[in-house]
Amino acid sequence: MLADAAEKNLELVKEDILKAVQTCPIPDLHDIQLGFDYGKNTKRYACANKTQVGGIKGRLRLSKHRFIPFLDGDKWICYEPSLAPDPKDCLVYSFGINNEWSFDDAMGKYGCQVYSFDPTMNRPNFKRGSNIYFKNLGLEGYNGTLHQRKQSKVDTLGNIMRMLGHEGRRIDYLKIDIEGSEVQALEQVFSDAPHLLTQVSQLGMEVHPDKYRVDDKLDKTSNHYRVWRIYHRLECLGFQLMHMGLNQYPGTQYNWNGTLQSCCYELVWVMPPPRPLLT
């Protein structure tokens, strides 16, 4: 009877979380500048111990003797006591590798169990080191194959967590860098199982709204608006923005009304306690 009561309570909590997302107030994105200024206009979580993890230094050649340095693949992590991954028992999901392992290796060295996913590297599942597990699988909003890549298998976050036996387990850091697929993947989570995200302590993600042009129609089907909705739904779940910045690769950046913007932005959200963890 106790088990039945616990199961019933769990389902009620899931229903409450789903309702919170479905009724989440989404401000109208009537001006693209609101999207560009989201990081400026949103109260940041002031992490007292924020550290940049991973990343590979690169240089964009402008001419024979001129280069622009940049850093790619890094993610910010909050190491405050209430949010820091426990090196003796932490779990990291890393979606999007592209043969760049600096973040995953750093988290594995820290002590976390790391699951690395990428269906575009043409590599079978394998174990990298003592606690890093590569899966030839990608994150999307459906189960099947990646569009235009017939051999690239993808699945939803919920299915992946069930496959790995991580239902109800805390994910200390969820990294998502999947070249635009993050929009549909997260829309599916918000629609079907938003409680999964309440198990995440920190979410580091690159979003890809693409370059905005003055003649674009900014409506509710645009990628900019879909990303905007993701921001506010994360807030409704209890996430707080800790970091937002442009993709550092100069080739992704452009000028909009005198401000530097990019087709891609790096954001990190944290969910400080108390968290509605479904354990």
_When residues of region 84-117 are limited to those that are in a helix (DSSP H, G or I) and acidic (D, E), the one farthest from P272 (Cα to Cα)_ = D105
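Take K19 and decide whether it is in a loop (DSSP other than H, G, I, E, B), out of contact with any strand residue (DSSP E or B) (no Cβ under 7 Å at 6 or more places or on another chain), more than 18 Å from S262 (Cβ to Cβ) and modelled with pLDDT of 90 or more. Spell out how you get there, then give the answer.
Details: in a loop (DSSP other than H, G, I, E, B): no; out of contact with any strand residue (DSSP E or B) (no Cβ under 7 Å at 6 or more places or on another chain): yes; more than 18 Å from S262 (Cβ to Cβ): yes; modelled with pLDDT of 90 or more: yes.
No; evaluated as a whole, the condition is false for this residue.
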*All but one of (1) among the acidic types (D, E); (2) at pLDDT below 95; (3) open to solvent by less than 50 Å² (accessible area, probe 1.4 Å) hold for E167; which doesn't?*
(3)
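May I ask you to say which residue of K153, K211 is part of a strand (DSSP E or B) and in contact with a strand residue (DSSP E or B) (Cβ under 9 Å, 6 or more places away or on another chain)? Walk me through it before giving the result.
Numbers: K211 fails: part of a strand (DSSP E or B).
None of the other options fit; the residue is K153.
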*asked:* Considering only residues that are over 15 Å from E235 (Cα atoms), open to solvent by less than 70 Å² (accessible area, probe 1.4 Å) and part of a loop (DSSP other than H, G, I, E, B), which ones fall in region 32-48?
replied: D37, C47
*asked:* Which numbered condition in (1) open to solvent by 30 Å² or more (accessible area, probe 1.4 Å); (2) closer than 27 Å to L83 by Cα; (3) of a type in the set (F, W, Y) is the only one that F117 fails?
replied: (1)
_Qualifying residue in region 185-193 (condition: hydroxyl-bearing (S, T, Y), closer than 16 Å to L234 by Cβ and open to solvent by 30 Å² or more (accessible area, probe 1.4 Å))_ = yes
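For (1) open to solvent by 50 Å² or more (accessible area, probe 1.4 Å); (2) not in a strand (DSSP E or B), each residue gets a yes or a no:
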position	(1), (2)
H224	no, yes
E235	yes, yes
Q261	no, no
P273	yes, yes
*Enumerate the pairs (first residue in region 36-57 and on the phi > 0 side of the Ramachandran plot; second residue anywhere and modelled with pLDDT under 90) with beta-carbon separation below 7 Å, excluding pairs fewer than 6 apart on the same chain, so at least 6 apart or on different chains.*
G54/G73; G54/D74; G55/L71; G55/D72; G55/G73; G55/D74
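The values are calculated or read from the model by the stated rules, or taken from the named source; none is laboratory data. Only a predicted model underlies this, so the values are computations on that prediction, with no experimental measurement involved. Using ideal geometry, Cβ is built from the backbone for each residue, glycine included, and neighbour counts are taken over all protein chains shown. Protein only, heavy atoms only, side chains kept; ligands, DNA and RNA dropped before computing areas. Shrake-Rupley method; radii C 1.70, N 1.55, O 1.52, S 1.80 Å.
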